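Chemist: Handing you this structure, nothing more for now.
Quick note: the coordinates plus some simple rules give every number you see, no bench work behind them. Since this is a predicted model, take the numbers as computed values, not measurements. Counting neighbours? That spans all protein chains shown, and the Cβs are built from the backbone with ideal geometry, glycine included.
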Amino acid sequence: MTEHTVSTKEEEVLAKLDAFAELPDAPPKRKFRLSWVGWVSVAVVVFWLVICAIGPSIAPFHEMDMDGDDSFLPAGPGEYGYFYLGTDYLSRDTLSRILFGARNTIGISLAATLIAYLMGITLGILAAVKGGWIDMGISRVNDAILALPTIMLGLIVIAALGSSIPILIGTAAVIYATSVFRIARALGQDIMVQDYVEAAATRGEGIWWIIRAEVLPNAAMPLATDFGLRLVFVVLFISSLSFLGLGVQPPASDWGSMVRENLQGLTYGSYAAIWPALAIASFTIAINLIVDDISAKSGGSLAKKMV
Amino acid sequence: MMTRMVMQRIGIGFGTLIVVSIIVFIATSILPGDVAQIVLGQSATPETLAALRAQLGLDQPGYVRYFSWLGNMMTGDLGISKAGGATISSLIGGRLGNTLMMAGWVAVISIPISIALGLWAAMHPGTWLDRIVTFGTLSLISVPEFFIATVAVLILAVELHWLPSTAYMTGQESFWELMKALAMPLITLVIVVSAQMIRMTRAGILNVMSSPYIEMAILKGVPRGRIIMRHAFYNAIGPIVNVIALNLAYLVSGVVIVETIFAYPGLAKLMIDGVQTRDLPLVQACAMIFCGTYVVLILLADIGSILSNPRLRNPK
């Protein structure tokens, strides 16, 4: 009997707590509820991230292994082994090059996006918190860079400095830091005028404490969603440059340059250009679908902010 | 009020152009080794280098060179290409025409298609046809332009043999031949640009649909099609004009990829060749044309949305 009363009491307390959670000024609970499309997309993204890590060790060939003189072989057994996706214009195994290329395409994009976030958030929060001429100065420079087509900026930098992996990462990071800056600044300004920030300031908390304990946690969720979108843009940017022959330089493999190299094979009925293009598409579409799913579930206001 | 806002936007646009020219100039001047060194190459001695630099005005301080470069560009003197020594204006002339022709056709084809499809999807939200349009356009905007181009080549040129896979032009073609050469790049660009425009048109209409006067019309019992055509569409014209101008601006990056993949003799192909051979005067000139067009189109989008807003047009 006693057990029963305890459990009803617990239930009562829980019910009270639940009622408290429903109060209008309590922060909304953050739940990750994805549709099945969202879960499939998560699986695709995780798959490619795993390939980034282990790709080179599970690839049947090295990315630069050439198999005799037979370029654009269809899928099937070759002189040195089985080519699951056929060979490319230099008769290298397409599957192995995709597995190796994941590291370049996704790795470079991830690095660039992370640096862009680091720069964008630091400067954005700084501008939002300090305001005044610091905000003015950073915002004007930012607007000017944002007013240009990204591919043009990339082309100008590469014309001047040549192309190497550090330059690619740096260029993409600076270009995309501008949009991160705008979002971080807007979010920071929103949060800085909230009552809880005022309360913290009245309590005598320092500016760093406020940024760390109030601003960043509240900006984290929208920024995390935006990270996905930004990563898609960076992947498209890097692979477009590679496709133009101005990104990752041969013989290193990269999905964008693989499409370029094997384009002529299309006329011989080879699909060597299609596979890497599909790899890019699967990665970027999956991320976009996840972001779409999360925004749809969180009332859609997020999606509007990010367009 | 409105005139002031428009003038303000024009001022900002002009300022952006100045900043753009500074960025382009600095970015292309920071590399070690200047044009004199490139022209003389291995045979450079300190004396000949100094002489050529003086002749080209490279011994002047940076800001002097910037203003003379800007002045020359304003007056149509775009300088001399490093490769071959032809004047850049002569290189650009015909190429610019080709690119403008393609962009024009893309606009003429994609704008009506996108507005119709966007409207249609907004009229039937949540139906499976709307879902197909939403999912399809989301997929299309998430893939690189060259993916769409590659698939188009695979289907239309390789499998069906309907169209040539490169846009080779001699300048002597009949209209029909010209259209056939243009078809592949056109199809690719129309798909790329329309996907964006459909999404934004649909979002614009749905946004208007959530306003109180639409709710009023629904409560009055006006049929949905009529609400969209009579109430929502006119109020969405502003955002839609904005969408069109923005997407024509996005064409700039699409054109770069598409001209390369189909070897179309346009301005973007010229610029990519310039980047590959590091022909900086040529890159500077092309970049200024592209960035200038982009800034002007964004400016038009801004002004369009100001002009189409009755609250700004008729201030209290």
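Chemist: Taking the Cβ of B:ALA217 as the center, what net charge do the other residues with Cβ under 15 Å away carry, scoring Lys and Arg +1 and Asp and Glu -1?
Modeler: Here the count lands on +3.
Chemist: Okay, next question. How far is the Cα center of segment B:174-245 from the Cα center of segment B:270-291, in Å?
Modeler: 35 Å
Chemist: Based on the Cβ-Cβ distance from A:GLU12 to A:TYR196, what FRET efficiency comes out when R0 is 25 Å, to the nearest 0.05?
Modeler: 0.25
Chemist: Among residues other than B:ILE240 whose Cβ falls under 13 Å from its Cβ, what is the net charge (Lys/Arg +1, Asp/Glu -1)?
Modeler: +2
Chemist: A further question follows. So if I take the centroid of the Cα atoms in segment A:197-247 and the same for segment B:99-125, what is the distance between those two points in Å?
Modeler: 34 Å
Chemist: Something else now. Just want the answer: with Cβ charges of +1 for Lys and Arg and -1 for Asp and Glu, which residue in B:LEU246, B:SER89, B:PRO144 is farthest toward the dipole's positive end in segment B:88-313?
Modeler: B:LEU246
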